[in-house]
Amino acid sequence: MKRSMSSLSRLLLAAAVCSAAFCLPAQAAPRKEFNVAWSIYVGWMPWPYAEQAGIVKKWGDKYGIKINITQINDYVESINQYTAGKFDGVTVTNMDALTIPAAGGVDTTALIVGDYSNGNDGVILKNAKSLTDIKGQNVNLVEFSVSHYLLARALSSVGLAEKDIKTVNTSDADIVSAYKAEDTTALVTWNPQLSEINSEPTAHMVFDSSKIPGEIIDTLAVNTKTLQQNPALGKALVGIWFDTLKLMQDPVKGKAAREAMAKLSGSSLASFEGQLKTTKLFYTPAEAVSFTTDPKLVQTMDLVRSFSFDHGLLGQNVGNKDVVGIAFPGTATLGDTKNIKLRFDATYMKMAADGKL
């Protein structure tokens, strides 16, 4: 935002009358309350369960903060609200973190790399069993989301392109009912909607994310400035996450935890556990750190940003895909190093792996 001349004048005046001894740089006081948004997806259901089970409070109390976990029914709306500053963190995929907050100028850190979709996103055709049959059809999906990315990757695998189909923008909250419409013949979505639609006798899943492992990544992203000023938030969120995932694997308590998550997502336990099988969850912080520090992540994000640029998702009148800088653990970067707006940071996950939370 451009400062008004009067505001700038006041700042210059203040600088002129202050000496170094009496005008120290202002430091934001650490905050005590934070807000995180989530939407329904198998890989994000540990968040509402953690709140329900008291795990959020446990870690908040440890660091003297309060964390509010809020459900937003529409996935894209949850990201928009985070981008607008209404939330400090949001559950979001790698691509959507790049194309919405980061491209919008909000410096964002992927604090927790939780999993990648390994069959949880798919392309479904009605009364057709071959991906090539999609040619000439309208395809319902959340446009410019990871569903759109998956569609593009699917089309290229059979020598087709987006010019061979027509996309129909459909909210994830409406995708199940959209399938039931007579004129819907093709769609792309994610679980739990995917499994619900795929149970229909007319539905045939012709491509899924297991064909592109490691490319659709589910994260908890937070505002970078907020994280830098409030490291307790990062520690608490990472502690909550891996504490909950550990509980999910407990031979005694794990089933009850998964059952509760299934209920929170509107699924049966059987359906939820089926979705978990097509999710590569990083159950330990060491696994998450290994994935996040692997050079393959840089290659994946290069694919993602290329798709995003080609679809005009990095901003208007953008000349190339380098406009938004992306930083990775270590020194690796993509794009403009003077405009880093998306960061994959393994710092807090490594603290968890080393038992230092």
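Name every residue in the stretch 103-124 that is buried (at least 21 other Cβ atoms within 10 Å of the Cβ) and closer than 21 Å to Val238 by Cβ, in order of residue number. Of everything in the stretch 103-124, those that are buried (at least 21 other Cβ atoms within 10 Å of the Cβ) and closer than 21 Å to Val238 by Cβ turn out to be Thr108, Thr109, Ala110, Leu111, Ile112, Val113, Gly114, Asp115, Tyr116. Looking across the stretch 307-343, the residues that are in contact (Cβ under 8 Å) with a residue 24 or more places away in the chain, of a type outside the set (Val, Ile, Thr) and assigned to a loop (DSSP other than H, G, I, E, B) come down to His311, Leu313, Leu314, Gly315, Phe328, Pro329, Gly330, Ala332, Gly335.
Condition check: touching a residue at least 12 places away in the same chain (Cβ under 8 Å) and either open to solvent by 60 Å² or more (accessible area, probe 1.4 Å) or touching a Cys at 6+ places or on another chain (Cβ under 8 Å) (or both). Does Leu303 satisfy that? Answer is yes for this residue. Taking the stretch 236-261 as the range and being farther than 30 Å from Glu33 by Cβ and open to solvent by less than 40 Å² (accessible area, probe 1.4 Å) as the test, only Gly254 passes.
Of all residues in the stretch 314-338, those satisfying the criterion of being open to solvent by less than 50 Å² (accessible area, probe 1.4 Å), at negative phi and not aliphatic (A, V, I, L, M) are Gly325, Phe328, Pro329.
Taken over the stretch 137-155, the criterion of being open to solvent by 70 Å² or more (accessible area, probe 1.4 Å), over 22 Å from Ser195 (Cβ atoms) and outside any strand (DSSP E or B) is satisfied by Phe144 alone. The residue that is surrounded by the fewest Cβ atoms within 10 Å (Cβ to Cβ), counting only those in the stretch 262-288 that are over 22 Å from Gly355 (Cβ atoms) and in contact with a strand residue (DSSP E or B) (Cβ under 7 Å, 6 or more places away or on another chain), is Thr279.
So, of the residues in the stretch 170-198 that are in a loop (DSSP other than H, G, I, E, B) and either among the basic types (Lys, Arg) or in contact with a Phe, Trp or Tyr (Cβ under 6 Å, 6 or more places away or on another chain) (or both), which turns out to be most open to solvent (accessible area, probe 1.4 Å)?
Within the stretch 170-198, the subset in a loop (DSSP other than H, G, I, E, B) is 170-174, 180-185, 191-192.
Narrowing the set further to residues that are either among the basic types (Lys, Arg) or in contact with a Phe, Trp or Tyr (Cβ under 6 Å, 6 or more places away or on another chain) (or both) leaves 172, 180.
Working: Asp172: 10, Lys180: 136 Å².
So, considering only residues that are in a loop (DSSP other than H, G, I, E, B) and either among the basic types (Lys, Arg) or in contact with a Phe, Trp or Tyr (Cβ under 6 Å, 6 or more places away or on another chain) (or both), the one most open to solvent (accessible area, probe 1.4 Å) is Lys180.
When you scan the stretch 344-357, how many residues do you find that are assigned to a loop (DSSP other than H, G, I, E, B) and open to solvent by 60 Å² or more (accessible area, probe 1.4 Å)? Quick ask: steps written out before the conclusion?
Step one: of the stretch 344-357, the residues assigned to a loop (DSSP other than H, G, I, E, B) are 345-346, 354-357.
Narrowing further to those that are open to solvent by 60 Å² or more (accessible area, probe 1.4 Å): 354-356.
So the count comes out to 3.
For the stretch 112-157, taking the residues that are among the aliphatic types (A, V, I, L, M) and at pLDDT below 95, the one that is nearest to Ile100 (Cα to Cα) is identified as Val146. Taking the numbered list (1) in contact with a Pro (Cβ under 8 Å, 6 or more places away or on another chain); (2) under 15 Å from Ala110 (Cα atoms); (3) open to solvent by less than 40 Å² (accessible area, probe 1.4 Å) in turn, Leu297 passes all entries but (1).
Within the stretch 266-295, residues that are closer than 13 Å to Thr219 by Cα reach no partner that is open to solvent by 40 Å² or more (accessible area, probe 1.4 Å) and acidic (Asp, Glu) with beta carbons closer than 7 Å at six or more positions or on different chains. Taking (1) modelled with pLDDT of 90 or more; (2) open to solvent by less than 90 Å² (accessible area, probe 1.4 Å); (3) out of contact with any Gly (no Cβ under 6 Å at 6 or more places or on another chain) in turn, Lys57 satisfies each apart from (2).
Under the condition of being in a loop (DSSP other than H, G, I, E, B) and more than 25 Å from Asp354 (Cβ to Cβ), the residues counted in the stretch 199-236 number 8.
The values are calculated or read from the model by the stated rules, or taken from the named source; none is laboratory data. Note that the structure is predicted; figures quoted are calculated from it, not measured. Heads up, the Cβs are rebuilt from the backbone with ideal geometry, glycines too, and the neighbour counts pull from every protein chain shown. The protein model used for the area step is the full one, side chains on, heavy atoms only, and it has no ligands, DNA or RNA in it. Shrake-Rupley method; radii C 1.70, N 1.55, O 1.52, S 1.80 Å.
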